[in-house]
Amino acid sequence: MSELDVLYLFLARVDNYEVSNVAHVKGRMYRIRMNGRDYSAVVLSTSFQFYEKRYHLAKQRPDLVICFVHNTVLPVAVLSMKAGRLAQKYDLPAQITDVERQRHRSKIGSQCLLGMYLCGMREAQDLVDKFEPRTKRRYIERARLLGKRQRGRPVNSIAS
């Protein structure tokens with residue numbers, strides 16, 4: 001599902017989330033007034049794209065991620081169109097109950113652990129430290145690569 005599809009789904013459901021204003025800023029960035037609070041929001045297909053597109057490295061991070069599938073832990077609120085719920089900062093996705101067990105069986109479990117690690121959550125750091133050396137090295141390398149800026153124009157959040 002593309003970001004444009006996610007945006008259309010969100011716009012079709014604005015009454016469900018008490019959205020009173022949606023203003024396009026640039027690219028994937030929007031200013032939204034929801035539940036009486038102003039948000040700088042980014043529209044993505046999955047919540048893990050927040051890390052892939054390096055929004056966690058932006059000078060001004062968005063306050064809200066609007067996505068179709070919430071599949072990782074983020075340091076910002078996440079509105080999932082598939083689940084139809086607003087997850088707060090550092091909330092686990094709805095389908096994840098035990099990260100340690102579920103990281104073996106699914107990509108979402110692995111992405112969730114990686115997101116927790118990138119957020120600096122102590123639980124994830126302890127889990128990664130307990131892994132065998134090869135697995136530990138793989139998670140640390142993925143976190144290092146997601147923490148590096150990419151070539152090209154950096155992602156800058158909302159310009160006031």
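The values are calculated or read from the model by the stated rules, or taken from the named source; none is laboratory data. Note that this is a predicted model, so its numbers are computed, not measured. Note: ideal-geometry Cβ built from the backbone for every residue, glycine included; neighbour counts use all protein chains shown. For the accessible areas, the whole protein counts, side chains as well, though only heavy atoms, and no ligand, DNA or RNA atoms are used. Shrake-Rupley method; radii C 1.70, N 1.55, O 1.52, S 1.80 Å.
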Practice problem: Quickly run through the range 81-123 and pick out the residues that are more than 29 Å from Leu11 (Cβ to Cβ), of a type in the set (Ser, Thr, Tyr) and modelled with pLDDT of 90 or more. | Solution: Tyr117
Self-check item: Verdict on Ala23 being open to solvent by 30 Å² or more (accessible area, probe 1.4 Å), more than 18 Å from Cys119 (Cα to Cα) and touching a residue at least 12 places away in the same chain (Cβ under 8 Å)
Solution: no
Quiz prompt | Number of the exception - Leu44 against (1) assigned to a strand (DSSP E or B); (2) open to solvent by 10 Å² or more (accessible area, probe 1.4 Å); (3) in contact (Cβ under 8 Å) with a residue 40 or more places away in the chain | solution = (2)
